[in-house]
Structure formats: structure tokens, C-alpha cells
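What follows is a single structure, written as C-alpha cells, with notes after it.
The values are calculated or read from the model by the stated rules, or taken from the named source; none is laboratory data. Because the structure is predicted, anything quoted here is derived from the model rather than measured. Neighbour counts run over all protein chains shown; Cβ positions are idealised from the backbone, glycine included. Protein only, heavy atoms only, side chains kept; ligands, DNA and RNA dropped before computing areas. Shrake-Rupley method; radii C 1.70, N 1.55, O 1.52, S 1.80 Å.
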Amino acid sequence: MPYELKRRGKQMTERESDDRIVPMKPGNSGGGKAVKPSRDSSRTPATLSGGPAVRSRLDRITKRAEQYPEKKFTNLFTQIDLDLLRISFHRLERDKAPGIDGQTVPDYEVDLESNLQDLLDRLHRGGYRPQPSLRREIPKGNGKTRPLGIACVEDKIVQRAIVTILERIYEVDEGVPQGSVLSPLLANVYLHYVLDQWFERDVKPRLKGEAYIIRYADDFICTFELEEDAKCFQEVLAKRLGRYSLELAPDKTKLLRFGRFAARDATRLGEGTPGTFDFLGFTHYCGRSRAGRFKLKRKTSKKKYRAKIADMKSWFRSQLTTPIIEVWGKLRSKLQGHYQYYGINDNWPNLMKYFGAVRRLGFRWMRRRSQTGANLSWTDFYAYEVRHSLPMPRKITDLIAMCR
């Protein structure tokens, strides 16, 4: 049963947040990893603020997190130096919208070294203050919107530097994605204690059957062997999240039968066919293998497919004056990226469907570029494709073999 969490009400104070992010662990001497000193002052520091290259220092943090998971990290702020800020800047996307100050990445780069040195000085003397985020409402695809906060360039640099350090610690525990921004990382840390540990420590021992949780950011699925366990968990979940100013998204929360015996039980109870659910852009449904056995199948969700097509239309409209050969190169990369994510078992028809839709959009785009282009025929378009072919789906990722 999939869920999505969203923030509600007023943000907690710093003290409240610290208390909840780093609760006591059984068998540990204290709270989370970034709470208090874990070594005597007479011992050699775990990390050095000067001398080693950035990657070397970060690797030492990762190694310590792996070897001593119960230890705490102190003085991580000294890891933020000019080299790390410079690396963080170059990881920023250059074409993103500016923040509330109107400054873009190219603007900041004009006097990059001076700007970074000034930022570093303010950070270490306590004079740095982040600016308010620029609020924008982004369509969700269902008629609703979600608020998006656009940070200023300088704040993005600091956030990226913090993420670079913290992900070396926390990806050892629940796997923080590389290249994430600060908010998803902190959300992962927060939910690690609020949801993941609670499920393993308090929920599973009280259940009669087997149960598992699969979570990515704030989307998660909980599976239960027994229906009564699932219903009991659904009742206590909302209360648990409410204690930490979180709530379930009602439109994405449901309890359904799924698995090998779902069709049998649904028929016996007169419920029709087993339900489906969307998770990470895929619709998961009960199917059969060629041998007639139960098989978990996945396909591109309709909602995600419509959103991808809408994004592609919008992108083509923004490229009416860009040279065709340049657009075609970017289009090839976009298609390859789509295949790499959605190219899995049982999703081949949807890959070909997307490829066909993109080709038609490309044809319409070429006809709209000029009065001459309006006379472009499909024969002409095919001839152009022979010289500048678009990539087609080739190889899928075999998730079943990976599980084995």
C-alpha cells in the first residue's frame, strides 16, 4: 500500500527537530551521528580541515561511517573550504531560474573566486545568512499544484556543500542519492528515524505475519502477509506521523490486495480483479509469466507518461529558433535517459509508444520552424532520420535476474 508524506502546519523549532532526528538507539551511547563527540580530545581527529584533497577527506568520512556506525561526527563544519565550495558551484545547473535576488549562475561566475572567498569568510565567522526562497506553484498533473522554493545561487552552493558531506555519512545507513539537494537528504534522515526504524523496531515484532517496507524519499510501500496486520498498521500509521508534524496524502494512500493469491482472494470475495498501484513512475500490477505463474509486472504509469509528453511538447516549443542539428543531439540524450529509466521487463510496448510519440512531435516541430518547413512531408522527415537517426529502445534491464 503506497503512501506519500507531506509537511503540515508550522515547522518545528530547532530544538524539537534535533530531538526527533536523533533519538536514542538500543545499545548506543547516545543519539544520532551528528550529535556529540565520540572521541577523546587526546585522540587523532577523524578528519582534517587542511591538506588532503576534498575527495580524500570525504572518503575518510565514509570509511569512518562504515567502520564505526555507532560513533558520532563532530566539527564537520571545518570540512567546508574553498575547494569544496568551488566543486559545489560547478555542480549547479546553469539554466535554472534565479532566486529572489535575480542572480544567475553565469552572473556569479563572473567573479567566481572572489565571491567564493567572501562566502567562505562569512561562513566561518558566522556572518552568512541564507536569503528567502522564491516561491513558485508547480502543476502536479492532476489539476493541483505544489509549492516550489527557488534558492539563490549562493544558498545553493552552501546547500550542495552540506549535502556532499552529510551524504557520506547517511548513505551508509538508507542510501541518499548522489547529487541530491539539502532538503531531500534531511527528509531521508528524518524519515529514517520516524518511519524506517520504527517499522523495524516496534511494528514488525507485533505482527502475526511477515511485513516489509520499501521507501524512496517520501514515497513508500508497506507489504503484509496478513490482511489484519495491514489494517492495524494503517490505523497506527497516521497517529505515528502526526506526532512529527507529518500526514498522509489521502489521494495516494490505499489498501489493496496484491501478490500471488490476490486474484483468487478477490474472486472469492467478489472484489473483481486485483488492484494496481503507482510507485516511482511505474504502475505495478499482477500478471502471469509465459509459464502461467504469477509475475509482478510494471509499466510506465499513465500519469507519468502524460507528464513526459507534455514536457517534451513544451521543450520543442522553446527550441523553434535553435539549429536543428543541435536540437536533435539534445533529443537523442533525452530519449536515452528515458530508456535507461523505463527500460525494464514488460515495459517494452510503452517504450515504443513513447518513441513514436516523440517522433511525431519532432516532425511537427520541424514543420513549424518556418514557412518552408510547412511543406515538409513524412518522406522528407524519414530521409532526414536516415542521416540523423533517433535512438530506439535496445536493451532492457532484467529486474527479475537482478533479484535472483
Open item on the list: Spelling out what I want: for every residue of segment 249-265, take phi, set θ = phi - 60°, compute 6.51 cos²θ - 1.76 cosθ + 1.60 (Karplus), and round to whole Hz; glycine and proline get x.
Closed with: 7, x, 6, 10, 10, 7, 10, 9, 7, 7, x, 4, 9, 5, 5, 4, 5
Open item on the list: Spelling out what I want: for every residue of segment 204-212, take phi, set θ = phi - 60°, compute 6.51 cos²θ - 1.76 cosθ + 1.60 (Karplus), and round to whole Hz; glycine and proline get x.
Closed with: 4, x, 8, 8, 8, x, 6, 7, 9
- [ ] With r as the distance between the Cβ atoms of Arg317 and Ser377 and R0 = 25 Å, compute the FRET efficiency 1/(1 + (r/R0)^6) and round to 0.05.
- [x] 0.70
- [ ] Pop out the carbon and sulfur fraction of the accessible area of segment 269-375 as a percent, whole number, probe 1.4 Å.
- [x] 49
- [ ] For each pair in Lys254/Lys302; Lys330/Lys395; Lys72/Lys96; Lys254/Lys295; Lys144/Lys254, compute the distance between the two Cα atoms and list the pairs where it is over 26 Å.
- [x] Lys72/Lys96
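May I ask you to order 250-257, 188-195, 68-75 by the average number of other C-beta atoms within 10 Å around their residues, highest value first? It would help to have the intermediate numbers written out before the result.
Values: 250-257: 13.2, 188-195: 20.5, 68-75: 15.6.
Top of the packing list down: 188-195, 68-75, 250-257.
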TODO: Could you state the accessible area per residue of segment 197-353 in Å², with a 1.4 Å probe and every protein chain left in place?
DONE: 60
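Is segment 293-342 rounded, prolate or oblate when judged by the Cα gyration tensor, a ≥ b ≥ c being the square roots of its eigenvalues, rounded requiring a/c under 1.5 and prolate requiring a/b larger than b/c? Could the numbers behind the result be given before it?
Details: a/c = 6.38, a/b = 2.22, b/c = 2.88.
Oblate is the answer for segment 293-342, as a/c is 1.5 or above yet b/c matches or exceeds a/b.
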